[in-house]
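What follows is a short report on a single structure.
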Amino acid sequence: QVQLVESGGGLVQPGGSLRLSCAASGFTFSLYGMSWYRQAPGKERELVASISSRDIINYADFVKGRFAISRDNAKKTVDLQLGGLKPEDTAVYYCNARITNQNYWGQGTQVTVSS
């Protein structure tokens, strides 16, 4: 079955960086677009970045050049490099795959930005 496993979250000071990774299995990874979402306490889940099967990338406006999404089809991973982190980036970050009109989610990884 489809499995998405995130890693790389943690506590970081404002202005710092983190690299999140999502390992995928159970489907033909190279054929599908992948996305990162986040959900802060009391807020709805929101799209952060997406990368299509042809490496077409889109970012949410709030990213403003601070984050970078990438994928490695050989390793079946999709990464999200976070930089210039702000306290408002604190959230659980989720990996997402949309396969035949169904959304699949990982368990999430916590990112906390605090001094």
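The values are calculated or read from the model by the stated rules, or taken from the named source; none is laboratory data. Predicted model, so just to flag it, every value in this text is computed and none were measured. Cβ atoms come from the backbone with ideal geometry, glycine included; neighbour counts cover every protein chain shown. Keep in mind that these areas ignore ligands, DNA and RNA; they rest on the heavy atoms of the full protein, side chains included. Shrake-Rupley method; radii C 1.70, N 1.55, O 1.52, S 1.80 Å.
Numbers below:
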| quantity | calculated |
| --- | --- |
| Tally, over region 56-115, of residues that are free of Cβ contacts under 8 Å to residues at least 60 places away in the same chain, surrounded by fewer than 17 Cβ atoms within 10 Å (Cβ to Cβ) and among the hydrophobic types (A, V, I, L, M, F, W, C) | 6 |
| Inter-residue pairs, beta-carbon under 9 Å, first on the phi > 0 side of the Ramachandran plot and in region 4-28, second outside any strand (DSSP E or B) and open to solvent by less than 50 Å² (accessible area, probe 1.4 Å), 6+ apart | 15/83; 15/84; 15/85; 26/2 |
| Residue satisfying all of: in region 1-55; assigned to a strand (DSSP E or B), open to solvent by 70 Å² or more (accessible area, probe 1.4 Å) and touching a Gly at 6+ places or on another chain (Cβ under 7 Å); farthest from residue 70 (Cα to Cα) among these | 3 |
| When residues of region 72-115 are limited to those that are of a type in the set (A, V, I, L, M, F, W, C) and touching a Phe, Trp or Tyr at 6+ places or on another chain (Cβ under 8 Å), the one farthest from residue 50 (Cα to Cα) | 111 |
